[in-house]
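Peer 1: The structure follows.
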Amino acid sequence: MSWLYTGYLLGFAVAGLACLIGGYGVRTLAHPDVRRGLAGLLLLTGVWSLLTTGQLLVSSESAIRLVYIASLGVGISTVFAWLYFASAYSGRQYHRTRTVRLLGAGILASILAVKLTNPIHGMYFDVQMATEPFPHGELVHFAPHWFVTGFSYTAAGIGFWFLYEAFAEANSQPTLFYLLVGATALPVVPYVVAPHVDSLLQVNYEPLGVAVFALGVLFFARSEFTQLSSPDRSYIADSISEGAIIIDDDGRIINHNDSVATIFDTLSEQRPTIEAVNETLATLEPGETAIFTREVDGRERTFEAHRTTLEDAPMATAAITVTDVSTIAHIDEVTQLYREINDVLVAGGGLEQLMATVPEKLTEIETYPFAWFYATGDDDGYVGGEPTGYVDAQLSDGGQSEPVLLAARTGQRQHTVVADSDDPWAVAAADREITECLAVPMKLQGDKRYVLGVYTTAPDGFNASEITLFTELGEAIPHALSAIRAHEEATEFQEAITHAGYAIYITDTDGTIRHVNPAFEEVTGYPPEEAIGQTPGIFSSGEMGEEYYDRLWATISAGDVFEEEIVNKRRGGDRYLARQTIAPVTDDTGDPVAFVAVQIDITDRHVREQRLAVLNRILRHNLRNEMNIVSGSAKLVEDALESFPDDSEQSTRAIERIADIQELANSIVTRAEKAREIEKLLEQTHASREPVPVEAVLESVRDRLRETSLEWSIDVAEAVDGRLVDHELIRIVDELIENAIEHTDSSNPVVEVTVEDTEDGEVSIIVADNGSGLSEQELAILDEEVETQLTHGSGLGLWMVTWLLTYCGGSITATTDDGGTTLEILVPERQARERVKPPSM
């Protein structure tokens, strides 16, 4: 085996292996088209080179023919792989253009057919065995071969032109890369001169050049290969699902995808400027978005264009995406209609206005030529747009299958494609270019059934979003009308609450106040900003026991209404008696979600009722009994004097009876005067009187106690020095002192007065004595404030104390035991000229 033969074998074998290895290495390239093109080129060239090696190894003429035919087929395929790669690498679209691809496939198939059928026709090549420069099969080519060879080199040259033009546009001079590309063309030299040089075989040397290119690109010039690649501009365009246009620094379109080509016909021209394609696109700034309309396939379409700067794409400086937003724009129109209908509803428009407004608004949208709002029992309802007699014809003909009328009968939504029906209504609709009808039933009031019918001329009919919107509209209108009615009722209720003369407040289930009416502040003294967020505990007087509140919560938590009287305390400290009603607001399951409380101040009514009851007892019960005693005693005196005129004993008895009569008469007079005094004091409570210092109250106490022989003391805490209280407290405390003096039947009577300040800022005055204590009837006056025929007090003094304290916003408690009686009154502190208006009489 000569060295030349060995060189040929090693050369083609190494070249084949290098191409196959290079084909494996291209998997890391980013762009898929470049990756596919280069991989195909390298793999085909590698196989071609190995087949050439096999052709040199076989010695029989038939084997040489068979291997050579295979290499011819693979060899011509490398030309098309090269063109695919060059087009992709340079950023062109030829490799993806369907027409070009079909043409290439046709040419390749034709050439393969000629080559593979050479054993039949023998017109492409022949084989002759030769011994120089070493034994081999010498190939003799005929005219078709040279024609195909010329075509191959011409096509390969186009690929070279693609690459060099890409280098020029990139303003780069990559010397090494130029040399590598040029190396792929060098093998043509030995092939051409082989007939004239004995040491050269006439075989295809292209695998050697492609192998050099592959090894150089993948192992020595990979960075330059990647940087100079222009496929990014097509890769960017193809990676965008919308229409995409790629432009360079000069504003020329260097690439675009198929989606945008259907919008702009001028894109078929060679590298047009963006201004020539569309002025709106040309005026876009980076990051800016614009909306424009354009007629496509005979229909007006709406598009959204957005320009983005490309930072790392050679040659390409910006990408403009063009999105068909016609459907979105249409849905936006329908959504806007939805909002306008809501505006009509919110503005208080009634059903009639709504029925008239909706069809007219719908027909403002281009694809809805007319709309029909139909109500059973009406003549024709309301029609918007230009139905050109359609509605009248359906009503007069009794179109039972017409979608709107069918929806009115069945209560079911009807979505009908006109082309799917040959009923008279469909024929009439088709004559008006209607493609679909959507009829949405709704129940608005009474037994009437209402239907909103929408007719569209859109070629594709209603899309899913439209159907959803109209269905929701059919559901929303009844709810909105119900909400309007509920709002009107709520407004009336709110007005009633606002102008109510009694306190109303609403709490959540935790008892936190969420709303109060104006009268709330008048009754409780708390303005809304102080009450909201608090609990009703802010006006607790401390006089209601836990049992009361436990009963209250148990009642309202069970969903029942609680109604009882309560003693509360105003913001200024005054106590008041209220009739309180608390009702739960429940949800559909019956569980409370809020509580509404109503408080009516009944302090004045309560006092009036007590006064009437007490005076009724004095005038009708006690006075009647005492007058009966007087009458009886007088009769006894009269009888005694008539029967025993000279009997001194009877005279004495008569005198005693007369004394009893005088005592009773004096008692009656005293009680009457007391009643008049109380009436006078209560009338004076309406007058605006200056508050007095606590010391003024105590001075009156000292003056009275100094007149007695009792042991007494007055202890005043420093905290109450200078504190002001209602003027009526002087008379209240004086009455308590008189009560203590009256019950001092102890051998060593003692009266103690203590004045303190409470944690709530009230003034506490305690009067204690060591006497026999109050009777049960008198304790009932203070504790229960009850007057009945069975248990009635005999004195008016304690009633006067109770009533005056009520007007002063205070309270009194009494305790009696073997050690005597203790009375404590609590009253709010007053400021100068401050006086809460007392209840009316």
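Peer 1: Between T589 and E285, how high is the FRET efficiency from 1/(1 + (r/R0)^6) when r is the Cβ-Cβ distance and R₀ = 56 Å? Nearest 0.05.
Peer 2: The formula returns an efficiency of 0.40 here.
Peer 1: While we're here: Just want the answer: with Cβ charges of +1 for Lys and Arg and -1 for Asp and Glu, which residue in L44, T99, H121 is farthest toward the dipole's positive end in segment 1-127?
Peer 2: Farthest along the dipole direction, towards plus: T99.
Peer 1: Further question: Name the trypsin sites (Lys or Arg not before Pro) in segment 366-473 that are in a loop by DSSP and that have at most 13 other C-beta atoms within 10 Å, would you?
Peer 2: Those that pass, being in a loop and sparsely packed, are K443, K448.
Peer 1: Could you rank the peptides 55-62, 586-593 by their average count of other C-beta atoms within 10 Å per residue, with the highest value first? Write out the running numbers ahead of the final one.
Peer 2: Values: 55-62: 15.1, 586-593: 9.9.
Per-residue mean Cβ counts within 10 Å order the peptides as 55-62, 586-593.
Peer 1: Additional query: Kindly state, to the nearest 0.05, the FRET efficiency for E530 paired with S746, given R0 = 56 Å and r defined as their beta-carbon distance.
Peer 2: 0.65
Peer 1: Roughly what would the spin-label model give for E547 and D343, points 7 Å off Cα along C-beta, in nm?
Peer 2: Going from the E547 label point to the D343 one covers 6.4 nm.
Peer 1: Please name which of P441, S401, P424 has its Cα lying farthest along the dipole of segment 396-464 towards the positive end, using unit charges on Cβ (Lys, Arg +1; Asp, Glu -1) and the Cα centre as origin.
Peer 2: Checked the options; the winner is P441.
Peer 1: Could you compute the FRET efficiency for A558 and H515, with r as their C-beta to C-beta distance and R0 at 25 Å, rounded to 0.05?
Peer 2: It comes to 0.60.
Peer 1: Now, a different point. Ignoring everything but the protein chains, give the 1.4 Å probe accessible area of F147 in square angstrom, nearest 10.
Peer 2: Accessible surface of F147 is approximately 150 Å².
Peer 1: Also, I was wondering about something else. Quick check: with the 1.4 Å probe, what order do I532, I766 take by accessible area, largest first?
Peer 2: Output order, biggest surface exposure first: I532, I766.
Peer 1: Could you order D198, D343 so the one with the most accessible surface comes first? Probe is 1.4 Å.
Peer 2: Per-residue accessible area, sorted high to low, gives D198, D343.
Peer 1: Now for a separate question. Once ligands and nucleic acids are excluded and a 1.4 Å probe is used, how much of L103 is accessible, expressed in Å² to the nearest 10?
Peer 2: Only protein atoms counted, so the area is about 110 Å².
Peer 1: Would you please classify the overall shape of segment 1-130 from the alpha carbon gyration tensor, given that a ≥ b ≥ c denote the square roots of the eigenvalues, rounded means a/c under 1.5, and beyond that prolate means a/b larger than b/c while oblate covers the rest? Walk me through the numbers on the way to the answer.
Peer 2: Working: a/c = 3.71, a/b = 1.39, b/c = 2.67.
It comes out oblate by the Cα gyration axes.
Peer 1: Quick check: pseudo-label points 7 Å beyond the Cα along Cα→Cβ at E475 and R299, how many nm apart are they?
Peer 2: 2.8 nm
Peer 1: Report the extension gain between E386 and T754 in nm, rounded to one decimal, defined as 0.36 nm multiplied by the number of residues separating them, less their alpha carbon distance.
Peer 2: Values: separation 368, 0.36 × 368 = 132.48 nm, distance 9.43 nm.
This chain segment gains 123.1 nm when fully extended.
Peer 1: Are there GluC sites (Glu not before Pro) in segment 281-322 that DSSP puts in a loop and that have at most 15 other Cβ atoms within 10 Å, and which ones? The partial results should precede the final answer.
Peer 2: Details: sites: E288, E295, E300, E304, E311; in loops: E288, E311.
Filter output for segment 281-322: E288, E311.
Peer 1: With a point put 7 Å past each Cα toward its Cβ, work out how far E711 is from A464 in nm, to one decimal.
Peer 2: Between E711 and A464, the simple spin-label model gives 10.0 nm.
The values are calculated or read from the model by the stated rules, or taken from the named source; none is laboratory data. Note that the coordinates shown come from a computational prediction; the quantities given were computed from them, not determined experimentally. Methodologically, a virtual Cβ is constructed for each residue, glycine included, from the backbone with ideal geometry; neighbour enumeration extends over all protein chains shown. Surface accessibility is based on the protein's heavy atoms, side chains included, excluding ligands, DNA and RNA. Shrake-Rupley method; radii C 1.70, N 1.55, O 1.52, S 1.80 Å.
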